[in-house]
Amino acid sequence: MTTEKAKMKLCLAGEAAVGKTSLVRRFIYDQFDDKYTVTLGAKVVKKTVTVDHPEGEGKIEVDLAIWDIMGEKFLRELLREAYFYGAQGILAVCDVTRSDTMADLKEWRSSIERVAGEVPIIILANKVDLKDETMIDEETLRLFCEGWQCPYVLTSAKTGENVENAFRDMAGTVLKSLLVGAKPG
Ligand code: G3D
Ligand code: MG
């Protein structure tokens, strides 16, 4: 059986300190670094994943280009053409210990859609390891995502919980959207 190949550009979105860089690091290197490193502008990292073909048969090898973006709003607006051009999927991250980080995703979404059009989104509700500090309960999150008609994943970059799943789900969802888009008619 042949393995098909695909490429895609994924962008992280979300306010400063929600855990974007930590999630990318966890996914790429499977590690969590407690030292804070400021991402200047944007950093692009690559990883290849093999996922099931969305339409049943075989596997697809997907080269992911993951854009980790600095959370400062002024920078986002300044650089959004460069950041979001050609984005095919958005990993929108909020921090479950800060409620406002979920509402703030609206601005991120419209900023990205102005450049890349409507693309699949997954919401990552991050820092679920901080159980005692959780301010966003799952019902609130569920309703928010229902409004957006997008899935969500509860993640922890610290423990690694669901991080791999979130990126893989995103890759699978984007592939599906690309295949639908590629169909004639
Ligand atoms: P950003 O890239 O979105 O700005 P970072 O966010 O990845 O830099 O993370 C911001 C802070 O949150 C860092 O802490 C980081 O260690 C912490 N963090 C990220 N993800 C998690 C998580 O899942 N659980 C917990 N407990 N902490 C997390 P510091 O203290 O270095 O500022
Ligand atoms: Mg960062």
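The values are calculated or read from the model by the stated rules, or taken from the named source; none is laboratory data. These numbers come from a predicted model, not from an experiment. Glycine also receives a Cβ, built like all others from the backbone with ideal geometry; neighbour counts cover every protein chain displayed. Surface accessibility is based on the protein's heavy atoms, side chains included, excluding ligands, DNA and RNA. Shrake-Rupley method; radii C 1.70, N 1.55, O 1.52, S 1.80 Å.
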| query | Over what distance in Å are the Cα centres of region 67-107 and region 148-185 separated? | reply | 17 Å
| task | Rounded to whole Hz and in sequence order, give me ³J(HN,Hα) for region 119-129 from the Karplus expression 6.51 cos²θ - 1.76 cosθ + 1.60, θ = phi - 60°, writing x for Gly and Pro. | result | 10, x, 10, 10, 9, 9, 8, 9, 6, 5, 5
| query | Just by accessible area at a 1.4 angstrom probe, what is the order of MET70, MET170 from largest to smallest? | reply | MET70, MET170
| field | With all protein chains modelled, accessible area of ASP100 [1.4 Å, Å²] | value | 90 Å²
| query | Which value, in Å² and to the nearest 10, is the accessible area of SER110 when all protein chains are kept and the probe is 1.4 Å? | reply | 50 Å²
| Dipole magnitude of region 73-185, debye to nearest 20 (Cβ charges: Lys/Arg +1, Asp/Glu -1, about Cα centre) | 480 debye
| query | Probe 1.4 Å, all protein chains in place: accessible area of CYS150 in Å², nearest 10? | reply | 20 Å²
| said: Keeping all protein chains in place and using 1.4 angstrom, which order do PHE167, PHE74, PHE144 fall into by accessible surface area, from largest down? | reply: PHE74, PHE144, PHE167
| query | For VAL45, what charge total do you get from the other residues with a beta carbon under 10 Å from its beta carbon, if Lys and Arg give +1 and Asp and Glu give -1? | reply | +3
| said: Leaving ligands and nucleic acids out of the surface, order TYR29, TYR83, TYR152 by accessible area at 1.4 Å, largest first. | reply: TYR29, TYR152, TYR83
| message | With a cut-off of 8 Å between alpha carbons and a minimum separation of six or more residues, what is the relative contact order of the chain in percent? | response | 26 percent
| request: Within the set of other residues whose C-beta is less than 14 Å from the C-beta of GLY58, count the net charge using Lys and Arg as +1 and Asp and Glu as -1. | output: -3
| field | Entries in LYS73/LYS127; LYS20/LYS47; LYS7/LYS127 that, when Cα-Cα distance is taken, lie over 19 Å | value | LYS73/LYS127; LYS7/LYS127
| query | At LEU79 and LYS43, where each label point lies 7 Å from the Cα along Cα→Cβ, what is the point-to-point distance in nanometres? | reply | 1.2 nm
| remark: Correct semi-axes for the chain, from √(5λ) of the alpha-carbon gyration tensor and rounded to whole Å with the largest first, are 25, 18, 17
